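Colleague: One structure coming up, written as structure tokens, with questions to follow.
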Amino acid sequence: MTAAIRSLVPMAHVADVERSIRYYAKLGFRLRNTFTPDGSRTPAWAWLESSGASLMVSRATAPVAASEQAVLFYLYADDVAGLRASLDREGLGPGPIAYPFYAPRGEFRLTDPDGYVLMITHTGS
């Protein structure tokens, strides 16, 4: 193989970029860059980072239907239970911790304001 992919950064279409920036900040993401078109007061795009995780959000040109978001975002954390408790205190409504075979230290589901499903699971084995 002559070339290899070294990184993958998803870009999610969202109804409100600023709302997504605030939401993902509660998950530890920091704003790294934005783009605001001429004549607009709000950003149309943003790059968010948390440790080794990156996410781009871009203002959708059509309504974002939660039932049509057919992708799962897996986010990895060292302390699943601690993060779940913190997000619950923030009022984000995380689901219960489950222990499927592939996540023996647990995982839980969280849904962002646009209906994207975030699966929070443990790092390592």
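Colleague: What is the residue count in the stretch 1-25 for residues that are part of a loop (DSSP other than H, G, I, E, B) and either loosely packed, with under 13 Cβ neighbours inside 10 Å or in contact with a strand residue (DSSP E or B) (Cβ under 7 Å, 6 or more places away or on another chain) (or both)? Outline the logic, then answer.
Modeller: Our first condition is that a residue be part of a loop (DSSP other than H, G, I, E, B); within the stretch 1-25, this holds for 1-10, 15-16.
Now narrow it down to the ones that are either loosely packed, with under 13 Cβ neighbours inside 10 Å or in contact with a strand residue (DSSP E or B) (Cβ under 7 Å, 6 or more places away or on another chain) (or both): 1-10.
Matching residues across the stretch 1-25 total 10.
Colleague: Could you tell me whether the stretch 34-56 includes any residue that is assigned to a helix (DSSP H, G or I) and not polar (S, T, N, Q)?
Modeller: Scanning the stretch 34-56 turns up no residue that is assigned to a helix (DSSP H, G or I) and not polar (S, T, N, Q).
Colleague: Next question, about the same structure. Filter the stretch 110-125 down to residues that are under 18 Å from the mean Cα position of the chain (by Cα) and surrounded by fewer than 17 Cβ atoms within 10 Å (Cβ to Cβ), then give me how many there are. First the steps, then the outcome.
Modeller: Filtering the stretch 110-125 for residues under 18 Å from the mean Cα position of the chain (by Cα) gives 110-123.
Of the ones still in play, those that are also surrounded by fewer than 17 Cβ atoms within 10 Å (Cβ to Cβ) are 111, 113, 115, 117, 119, 123.
Here the count works out to 6.
Colleague: Hey, another quick one. Any idea which of Leu48, Leu75, Leu92 is surrounded by 16 or more Cβ atoms within 10 Å (Cβ to Cβ) and either in contact with a Cys (Cβ under 8 Å, 6 or more places away or on another chain) or more than 17 Å from Val9 (Cα to Cα) (or both)? Full working, then the answer.
Modeller: Values: Leu48 fails: either in contact with a Cys (Cβ under 8 Å, 6 or more places away or on another chain) or more than 17 Å from Val9 (Cα to Cα) (or both); Leu75 fails: either in contact with a Cys (Cβ under 8 Å, 6 or more places away or on another chain) or more than 17 Å from Val9 (Cα to Cα) (or both).
Criteria check complete, one pass: Leu92.
Colleague: Considering only the stretch 66-125, how many residues are in contact with a strand residue (DSSP E or B) (Cβ under 7 Å, 6 or more places away or on another chain), of a type in the set (Gly, Ala, Ser) and more than 19 Å from Ser50 (Cα to Cα)?
Modeller: 4
Colleague: If you check every pair at least six apart or on different chains, which have Cβ atoms under 7 Å apart with a residue in the stretch 104-125 that is more than 13 Å from Leu27 (Cα to Cα) and assigned by TED's automatic domain parsing to the domain that holds Ala53 first and a residue that is of a type in the set (S, T, N, Q) and crowded, with 17+ Cβ neighbours inside 10 Å second?
Modeller: Matching pairs, first to second residue: none at all.
The values are calculated or read from the model by the stated rules, or taken from the named source; none is laboratory data. Note that the structure is predicted; figures quoted are calculated from it, not measured. Note that each Cβ is placed from the backbone with ideal geometry, even for glycine, and that neighbours are counted across all protein chains shown.
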